[in-house]
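The values are calculated or read from the model by the stated rules, or taken from the named source; none is laboratory data. All of these numbers come straight from a predicted model, not from anything done at the bench. A quick note on method: Cβ atoms are made from the backbone with ideal geometry, for glycine too, and the neighbour counts reach across all protein chains shown. Keep in mind that these areas ignore ligands, DNA and RNA; they rest on the heavy atoms of the full protein, side chains included. Shrake-Rupley method; radii C 1.70, N 1.55, O 1.52, S 1.80 Å.
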Amino acid sequence: MRSGVIARTIVLDKLVNAFLAAHPGAIVVNIACGLDTRCYRMAGFSHWYNLDLPETIAVRKKLLPESGAISQIALSAMDDWGGQIAESGAPALIVIEGLTMYLTQADVQRIFAVIARRFSRATVLVETMNPIAVKRFKEKSIEGSHAKFTWGVKDGRALASLLPGFRFVEEHALTEGMAVFVPIYKVLDKLPAVRSISNRIVVLKRAT
């Protein structure tokens, strides 16, 4: 899990940086943010929203108080949080990491329905898990909270087929991030079997 989080951070930081460089003044919504600190590493956004459950945001406010161009939203990802976004018209980047594998397909579709209602120009970076990993992978670090993996999807195109109003752009296996600090993954990343079982970051766009 530790290596996976590092790899995910490497991949997502690269993608978020590239998006903000291409869309200066964009807004960013980080769904299920936890204590993520990406907003402090990025530049070029006009407003960054960190969204998580009220109990998580209460902890975040104590440790990471934010103001100005960074705001916090204490709602579930499945709530209608779009009304909390003040800006209109600006391109939006939505980041969803470490969440979908704990949900159901209906939950995921509900999140994307909220995004579709609120934004006409949205790009989504969403982490997904392969269904095989959902069934077979056991992670000790989440056992204490009684969390468990419940949902996965084969790849980005399969995900897009479940989401009316969104189109598939590209996807990045987390093996790309692993290769940065574990050299053997430079070779393993080229193997289809390894890439297929890896968690991935899927890039989707709001279809217009």
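Looking at N17, N30, N50 in this structure, which one is part of a helix (DSSP H, G or I) and either polar (S, T, N, Q) or closer than 16 Å to V124 by Cα (or both)?
After ruling out the rest, the residue left standing is N17.
Among the residues of region 108-128, write down those that are part of a helix (DSSP H, G or I) and either free of Cβ contacts under 8 Å to residues at least 40 places away in the same chain or β-branched (V, I, T) (or both).
V108, R110, I111, A113, V114, I115, R117, R118
Answer with yes or no whether R195 is open to solvent by 40 Å² or more (accessible area, probe 1.4 Å) and at pLDDT 90 or above.
Judged against the criteria, R195 is not a match.
Return only the number of the condition from (1) under 18 Å from the mean Cα position of the chain (by Cα); (2) open to solvent by less than 50 Å² (accessible area, probe 1.4 Å); (3) of a type in the set (A, V, I, L, M) that I10 does not satisfy.
The single condition I10 does not satisfy is (2).
Specify which of the listed residues (R38, R60) is charged (D, E, K, R), open to solvent by less than 30 Å² (accessible area, probe 1.4 Å) and in contact with a helix residue (DSSP H, G or I) (Cβ under 9 Å, 6 or more places away or on another chain).
Result of the check over R38, R60: R38.
Free of Cβ contacts under 8 Å to residues at least 12 places away in the same chain and closer than 22 Å to F119 by Cα: is that true of A18 in this structure?
Against the criterion (free of Cβ contacts under 8 Å to residues at least 12 places away in the same chain and closer than 22 Å to F119 by Cα), A18 qualifies.
G89 passes all but one of (1) small (G, A, S); (2) farther than 19 Å from Y40 by Cα; (3) buried (at least 20 other Cβ atoms within 10 Å of the Cβ); which number fails?
All conditions pass for G89, except number (3).
Quick one: which residue in Q105, Q72, Q84 is buried (at least 19 other Cβ atoms within 10 Å of the Cβ) and not small (G, A, S)?
Q72
Scanning region 147-163 for residues that are of a type outside the set (A, V, I, L, M, F, W, C) and open to solvent by 30 Å² or more (accessible area, probe 1.4 Å), which turns out modelled with the lowest pLDDT?
The selected residue is K148.
Regarding region 49-57, can at least one residue be identified that is free of Cβ contacts under 8 Å to residues at least 60 places away in the same chain and within 12 Å of A92 (Cα to Cα)?
Yes, some residue in region 49-57 is free of Cβ contacts under 8 Å to residues at least 60 places away in the same chain and within 12 Å of A92 (Cα to Cα).
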